[in-house]
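Structure first, commentary second.
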Amino acid sequence: MTLVWLVVVPFVAGAAAWVADRWSHAWPRWIALAGIGIDLAIAVTLWFGTSGAALVPGAGPWLAEIDVRWIDALGIHLHFAIDGLSLLLVLLTGLLGVLAVAASWTEIQDRVGAFHFQLLWILSGLIGVFTAMDLFLFYFFWEMMLVPMFFLIGIWGHERRIYAATKFFLFTQVSGLLMLIAIVALYIVHGRATGTYTFDVTALAGTPMSSTMSWWLMLGFFGAFAVKLPMVPLHTWLPDAHTEAPTAGSVVLASLLLKTGAYGMLRFVLPLFRDAAASFAPVAIVLGVIGVVYGAALAFGQTDLKRLVAYTSVSHMGFVLIGIFAGTTIALQGAILQILCHGLSTGALFILAGAMQERLHTREMGRMGGLWADAPRMGGMTLFFALASMGLPGLGNFIAEFLVLAGTYRVSPIATIVASTGLIVSTVYALWLVQAAFQGPRHGTARLRDLGVREMATMAVLVAALVWIGLYPQSVVDTASPAIARITSAPRVASRAP
Amino acid sequence: MLILIPLFPFLGFLINASVGRRLPKRVSGALATAALALSFGVALSAVARMLAATPVDGVRAVQDTVYTWIASGSLHVPFTLRVDPLSSVMILVITGIGTLIHLYSTAYMHDETDSEFARYFSYLNLFAAFMLVLVLATTFPVMFVGWEGVGLCSYLLVGFWFTKQTASDAGKKAFIVNRVGDVGFILGMAAIFTTFGTLDFQEVAARVAGMPIEASFGILTLTTLLFFLGATGKSAQIPLYIWLPDAMEGPTPVSALIHAATMVTAGVYLIGRNAVLFSHAPITLEVVAVIGCLTALMAGTIGLVQNDIKRVLAYSTVSQLGYMFLAMGVGAFGAGIFHLYTHAFFKALLFLGSGAVIHALHGEQDMRHMGGLRRELPVTYWTFLMATLAISGVPLFSGFFSKDEILAETFAHGHVVLWAVGLFTAFLTAIYMFRLVYMTFFGERRTPATADAGAHGHAAAGHGHGASGHLHDAPPAMAIALVILAVGAVAAGYVGLPNAVVSGGNRIDAFLEPSFHAPVAAGVDVAAEPAQEESSTSSGVELALMGLSTLVALGGIGVATIFFLQRPDRADAVAARFSGLHRLLEHKYYVDELYGAVIVRPITRLSTTLLWRGVDAGLIDGTVNATGLVVRGWSAVLRRLQTGSVRAYAMSFFVGVVVIVGYYLWQ
């Protein structure tokens, strides 16, 4: 039942927040905080409760599971289940959900109830995506995230919000429909071959089909996930959406929504279409490498703070794509760590960018400079997360990128070498960001208010999480390894990237 | 409890970084200094334990495993610290000289506000912690933590006065150039792991020892070249040396600690730590030796014409690091580390001495505005002179022994050309160092201490204003550091007397030797090791070489005396005669300009103009928008377009889905 609560609590809290807006603007905030806070607490309890036996490979695939028949005629189940991979992503959702509510505390003053309603429904959808093991259910949640996100950007966003929201919606909707086609086709192919019509992921994994069919269906799933990831050249919705969204929107987009793409590849593309994915791997790796370098190069060219951070996501998620399709245990561990660490560090950078915009009313880095004198705490935090984002050892992102590179080298040294140059460019943009905003001569005369208690508390949580993963990655690695073992255990066609 | 060695400075960092801004300067400075002094104490006891230990696998060592850092699949990286002969030299230098520099800084940085003072010391302590992790590591990834960490601290400290644009830029440049090298390090790790399945130094050495020496380009050569790329970044060698001269924007004690004594030697240490690996890749060693030698020469020539006192020292550091790489490249690992160790004393002292001068002159760094300071700054002058004699290779001073060993080994290994270039560089070293001493401490003061007016007199010209105003020599905290380092600059070399003079006199070589071998117990036939070429030259030849070095050093001093003490106008005349060459050197061979034109600007243009506005906004979005227009056109035909494209899209896809699903159900 726990798993149902994970989805239902934020869903109900969202509705309650909307209603409560009638009485006070404070109510929706507290209700939202409590709603997603409960989810975080449940996830943490699951995490601690399952350390040890349940995480050992072979002890059964799921840490928790609920499977109820829903629409019998079509073989649709309410099947929620959670393993190490899902658990980590639910934890991330809970944590960043709480922080996203905190980050909106003073920024959002308009239609507060509706805002938190949208926010919590996105989170509820995300948790559904990360726990649904029935493809129909999965698709339901996948679509459920989009509409509130569209409104979140379109209503509470910045200057070009309508354009950005529409672009976001179109990209994800088009790709989502591709996936729907693939899901339905897979359902039918499986039903024809075995006589059982089901949407259950585990059952579908063994579907006998021609390699051509497998290839096309794999592409349908891959397309949807690649847009979300985002993979170059399907990424152009991202800079606009991230830049125009309100802080909480940017945080949820960068830290959580993008992760559904990576999650989908790990959960569906690799297990359902093992051979097709293996033969597609060289292409995916090349596209991942391009993403790493291209995203970093574009980030370096930006002058808008949020746009810069947005492009860094393209670069960092490129590492995830490489790691997933390199397919070695080490590279997959790296990809999962990167999913988490990118969520934490980029979320933090968007919160900081939002804090700066709230105070300075600009995101143009050319109009900042010398802010350290007024706001040393903000400067120190920006420096910390910029360094985390460029992969400083001792912080989580380094472990992630190092594992991806070390695990990919045996598959393709060339890809590894090219991808590693992204690390140089990431240094350039990270340091440039810090320099442009905080160093050099003072620009302008307005005094900048430094981070307050609420903001510092937010930052402290994220700092602690990144340091923890950096110094003790084992806690994440051990949680994820049974899931990875299942992905890698079945025989695969050996692949070699060019 | 080896973890205490880096832990003390790390705690110092945490305290000063969190509550330091509220502490008075006395407290935060004392705290930071005491943290490193404690670490020095622990280091001493650890070295004592190491010396008393029974050799395991042929080497004395103590080690502690703190915990398992990363374990994933076949990758296993424990966080282990280890003191063996090689790392013992390093930790003593870092904590010992580091403590002195901390002490010196308490006086040097005294004009900063409380919060800036605390920020400075928190960075300095953090640096020491990372540097200690770097040298105590037993695996590549743990070393890399220290390796990147010191780069970070270097960035923070070079850009310490970041409201100044040049300082902020210099810090950034240092970090970026370092990261170029670090990518080499990371790829080297990936290659090592893929080849050997381990990232442990000793395990790698044991496996490599069983392999034949790689005569042609192969995996060992590739790996070692990647690591050497990392080394050129950290240790400021061609082609990545360009950040170090700019790094002089940082406070002077930082230059002494990071950019002279410790961090910049990390690349040399990296090769020493992996001596077995590098010995099996002779092609790489050749590259290392040639690059080291060229860097030494190039930096030495630039040092001849610079007028900023710290920049001369910076190029001198680049040049001396080149000597160390020359030693590593010819396989004389002991000699390289020996020079690293003596250099730490005299170069730290030179920087601290220049800091005392700058401090006395309230920030003046141009030697053309100095002169005659030996009377007013006697402590600074005498200690500085000791260090200058040491670096110039004057017999009986520390630098003589270590530099001479490098040249002798280079000659003995048959690299006669490299030896000749090294010898010529030694000649240049003596010239530029004594030029610096003469311009700074001799002659008359060329500008009043208080005013900059008329300060732009010609180089070394005797005209200008007479000495005026009373200058203060180094205050006690600074003077103590200077004097102790001066003793080191004179005496540190006596652990490595040439065997040709005193039989068995080169104790440091014998002490370090076991660190450069694969663990014996690994079941590897010792004979398979690359034969340790004991100096094949007779002691007669060695004595002759030594005499030659002495003559060269004295010759250099003589040339400097003639041109920069007795007849400064002659130096100007020579500079005027060869004005093209002079300009070339003054502009540092235009390398920065070259990099700017070939690398920095094209990439900037590529990323903003071509990729962003061209590909991203133009090509990709353009394609998408065009698709949108086509759809919109179709929709218009179908009269579906009523409220904008969202609905049109959704509708068209819905239809599409229905059609496809229907098709399958029909079949």
**Request:** Return yes when B:THR80 is touching a strand residue (DSSP E or B) at 6+ places or on another chain (Cβ under 9 Å), of a type in the set (Ser, Thr, Tyr), assigned to a strand (DSSP E or B) and more than 14 Å from every other protein chain (Cβ to nearest Cβ) and no when it is not.
**Result:** yes
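Yes or no, residue by residue, for (1) surrounded by fewer than 20 Cβ atoms within 10 Å (Cβ to Cβ); (2) assigned to a helix (DSSP H, G or I); (3) among the hydroxyl-bearing types (Ser, Thr, Tyr):
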residue	(1), (2), (3)
A:THR346	no, yes, yes
A:GLU358	yes, yes, no
A:PHE384	no, yes, no
A:ASN397	no, yes, no
A:PHE402	no, yes, no
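Out of region B:161-184, which residues are more than 7 Å from every other protein chain (Cβ to nearest Cβ), of a type outside the set (S, T, N, Q) and either outside any loop (DSSP other than H, G, I, E, B) or within 18 Å of the chain's Cα centre (by Cα) (or both)? Before you say what the answer is, go through the steps one by one.
Of region B:161-184, the ones more than 7 Å from every other protein chain (Cβ to nearest Cβ) are B:161, B:164, B:166-167, B:169-171, B:173-174, B:177-178, B:181-182, B:184.
Now restrict to residues that are of a type outside the set (S, T, N, Q): B:161, B:164, B:167, B:169-171, B:173-174, B:177, B:181-182, B:184.
Across region B:161-184, the qualifying residues are B:ALA167, B:ASP169, B:ALA170, B:GLY171, B:LYS173, B:ALA174, B:VAL177, B:GLY181, B:ASP182, B:GLY184.
If you take the residues of region B:185-201 that are within 23 Å of the chain's Cα centre (by Cα) and facing another protein chain (nearest Cβ under 9 Å), which of them is surrounded by the fewest Cβ atoms within 10 Å (Cβ to Cβ)? Please lay out each step first, then the result.
Residues of region B:185-201 within 23 Å of the chain's Cα centre (by Cα): B:185-189, B:201.
Retained after the next criterion (residues that are facing another protein chain (nearest Cβ under 9 Å)): B:186-187, B:189.
Values: B:ILE186: 28, B:LEU187: 26, B:MET189: 24.
Across region B:185-201, the extreme among qualifying residues is B:MET189.
Got at least one residue in region B:627-637 being modelled with pLDDT of 75 or more, in contact with a helix residue (DSSP H, G or I) (Cβ under 9 Å, 6 or more places away or on another chain) and within 14 Å of chain A (Cβ to nearest Cβ)?
no
Answer yes if at least one residue in region B:322-330 is part of a loop (DSSP other than H, G, I, E, B), touching a Ser or Thr at 6+ places or on another chain (Cβ under 6 Å) and of a type in the set (A, V, I, L, M), and no otherwise. Reasoning before the result, please.
Step one: filter region B:322-330 for residues part of a loop (DSSP other than H, G, I, E, B), giving B:330.
If we keep only those that are touching a Ser or Thr at 6+ places or on another chain (Cβ under 6 Å) as well, we get B:330.
Pick out the ones that are also of a type in the set (A, V, I, L, M) and you get B:330.
Checking region B:322-330: at least one residue is part of a loop (DSSP other than H, G, I, E, B), touching a Ser or Thr at 6+ places or on another chain (Cβ under 6 Å) and of a type in the set (A, V, I, L, M).
Yes/no per residue for (1) in the same structural domain as B:PRO85 (by TED's automatic domain parsing); (2) more than 15 Å from B:VAL133 (Cβ to Cβ); (3) crowded, with 20+ Cβ neighbours inside 10 Å:
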position: B:LEU11; (1), (2), (3): yes, no, no
position: B:ASN16; (1), (2), (3): yes, yes, yes
position: B:GLY29; (1), (2), (3): yes, yes, yes
position: B:GLY41; (1), (2), (3): yes, yes, no
position: B:PRO55; (1), (2), (3): yes, yes, no
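Regarding region B:232-244, can at least one residue be identified that is farther than 27 Å from B:SER168 by Cβ and either out of contact with any Ser or Thr (no Cβ under 7 Å at 6 or more places or on another chain) or not in a helix (DSSP H, G or I) (or both)? Talk me through it step by step, then tell me what you get.
Taking region B:232-244 and keeping what is farther than 27 Å from B:SER168 by Cβ, we get none.
No, because not a single residue in region B:232-244 is farther than 27 Å from B:SER168 by Cβ and either out of contact with any Ser or Thr (no Cβ under 7 Å at 6 or more places or on another chain) or not in a helix (DSSP H, G or I) (or both).
Kindly check whether there is at least one residue in region A:112-123 that is of a type in the set (Val, Ile, Thr) and in contact with a His (Cβ under 8 Å, 6 or more places away or on another chain).
Kept after step one, since they are of a type in the set (Val, Ile, Thr), are these residues of region A:112-123: A:112, A:122.
Now narrow it down to the ones that are in contact with a His (Cβ under 8 Å, 6 or more places away or on another chain): A:112.
Within region A:112-123, one or more residues are of a type in the set (Val, Ile, Thr) and in contact with a His (Cβ under 8 Å, 6 or more places away or on another chain).
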**Request:** Among residues belonging to region B:375-411 that are surrounded by fewer than 20 Cβ atoms within 10 Å (Cβ to Cβ) and touching a Ser or Thr at 6+ places or on another chain (Cβ under 9 Å), point out the one that is farthest from B:HIS359 (Cα to Cα).
**Result:** B:PRO395
**Asked** Of the residues A:GLY394, A:GLY370, which single one is touching a Pro at 6+ places or on another chain (Cβ under 7 Å), in contact (Cβ under 8 Å) with a residue 60 or more places away in the chain and facing chain B (nearest Cβ under 8 Å)?
**Response** A:GLY370
**Message:** Where the second residue is at pLDDT below 90 and crowded, with 17+ Cβ neighbours inside 10 Å and the first is within 16 Å of B:LEU92 (Cα to Cα) and lies in region B:473-498, which pairs have Cβ atoms under 7 Å and are six or more apart or on separate chains?
**Reply:** B:VAL495/B:ILE508
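Restrict the check to region A:177-195 and report whether at least one residue is polar (S, T, N, Q), assigned to a helix (DSSP H, G or I) and over 23 Å from the mean Cα position of the chain (by Cα).
Filtering region A:177-195 down to residues polar (S, T, N, Q) leaves A:194.
Filter again for assigned to a helix (DSSP H, G or I), leaving A:194.
Then keep just the ones that are over 23 Å from the mean Cα position of the chain (by Cα); that gives A:194.
Yes, region A:177-195 has at least one match.
From A:SER412, A:SER426, which residue is within 12 Å of chain B (Cβ to nearest Cβ) and touching a Ser or Thr at 6+ places or on another chain (Cβ under 8 Å)?
On the way: A:SER412 fails: touching a Ser or Thr at 6+ places or on another chain (Cβ under 8 Å).
Residue meeting the stated conditions: A:SER426.
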**Residues of region A:436-474 classified as under 25 Å from A:MET368 (Cα atoms), within 12 Å of chain B (Cβ to nearest Cβ) and assigned to a loop (DSSP other than H, G, I, E, B), total** = 5
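To keep it simple, each residue is scored yes or no on (1) within 20 Å of A:VAL411 (Cα to Cα); (2) crowded, with 23+ Cβ neighbours inside 10 Å; (3) under 17 Å from the mean Cα position of the chain (by Cα).
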position: A:PHE280; (1), (2), (3): yes, no, no
position: A:GLY295; (1), (2), (3): no, yes, yes
position: A:LEU305; (1), (2), (3): no, yes, no
position: A:GLN333; (1), (2), (3): yes, yes, yes
position: A:HIS342; (1), (2), (3): no, yes, yes
position: A:HIS361; (1), (2), (3): no, no, no
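Within 12 Å of chain B (Cβ to nearest Cβ) and in contact with a His (Cβ under 7 Å, 6 or more places away or on another chain): does that describe A:VAL293?
Details: within 12 Å of chain B (Cβ to nearest Cβ): yes; in contact with a His (Cβ under 7 Å, 6 or more places away or on another chain): no.
No.
Within region A:411-418, is even one residue in contact (Cβ under 8 Å) with a residue 24 or more places away in the chain and in contact with a Leu (Cβ under 8 Å, 6 or more places away or on another chain)?
no
Restricted to region B:46-59, and to residues that are touching a Ser or Thr at 6+ places or on another chain (Cβ under 9 Å) and modelled with pLDDT of 90 or more, which residue is farthest from the other protein chains (Cβ to nearest Cβ)?
Our first condition is that a residue be touching a Ser or Thr at 6+ places or on another chain (Cβ under 9 Å); within region B:46-59, this holds for B:46-47, B:50-51, B:59.
Remaining after also requiring modelled with pLDDT of 90 or more: B:46-47, B:50-51.
Details: B:ALA46: 23, B:VAL47: 26, B:MET50: 26, B:LEU51: 31 Å.
Result: B:LEU51.
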**Prompt:** Restricting the search to region B:43-76, which residues are of a type in the set (A, V, I, L, M, F, W, C) and touching a residue at least 40 places away in the same chain (Cβ under 8 Å)?
**Reply:** B:ALA43, B:LEU44, B:ALA46, B:VAL47, B:VAL56, B:VAL59, B:VAL62, B:VAL66, B:TRP69, B:ILE70, B:LEU75
**Asked** Does region A:174-187 contain any residue that is of a type in the set (A, V, I, L, M), more than 10 Å from every other protein chain (Cβ to nearest Cβ) and surrounded by fewer than 20 Cβ atoms within 10 Å (Cβ to Cβ)?
**Response** no
**Request:** Evaluate region B:91-101: report whether one residue or more is within 11 Å of another protein chain (Cβ to nearest Cβ) and either in contact (Cβ under 8 Å) with a residue 12 or more places away in the chain or crowded, with 24+ Cβ neighbours inside 10 Å (or both).
**Result:** no
**Any chance A:VAL320 is away from chain B (no Cβ under 11 Å), closer than 26 Å to A:TRP105 by Cα and in a helix (DSSP H, G or I)** = no
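Yes/no matrix, rows are residues, columns are (1) among the aliphatic types (A, V, I, L, M); (2) surrounded by fewer than 24 Cβ atoms within 10 Å (Cβ to Cβ):
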{"site": "B:ALA236", "(1), (2)": "yes, no"}
{"site": "B:ALA247", "(1), (2)": "yes, no"}
{"site": "B:ALA260", "(1), (2)": "yes, no"}
{"site": "B:GLY272", "(1), (2)": "no, no"}
{"site": "B:LEU285", "(1), (2)": "yes, yes"}
{"site": "B:VAL288", "(1), (2)": "yes, no"}
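Could you list all residues from region A:297-316 that are within 10 Å of chain B (Cβ to nearest Cβ), within 18 Å of A:THR382 (Cα to Cα) and part of a helix (DSSP H, G or I)? If you could, list the steps in order and put the result at the bottom.
Start the filter on region A:297-316 by keeping residues that are within 10 Å of chain B (Cβ to nearest Cβ), which leaves A:297-303, A:307, A:311, A:314.
Still in the running and within 18 Å of A:THR382 (Cα to Cα): A:299-300, A:302-303, A:307, A:311.
If the condition is that a residue be within 10 Å of chain B (Cβ to nearest Cβ), within 18 Å of A:THR382 (Cα to Cα) and part of a helix (DSSP H, G or I), then A:ALA299, A:PHE300, A:ARG307, A:TYR311 are the ones that fit.
The values are calculated or read from the model by the stated rules, or taken from the named source; none is laboratory data. Keep in mind that what you see is a predicted model, and the values were worked out from it rather than measured. Cβ: placed from backbone, ideal geometry, glycine included. Neighbour counts: every protein chain shown.
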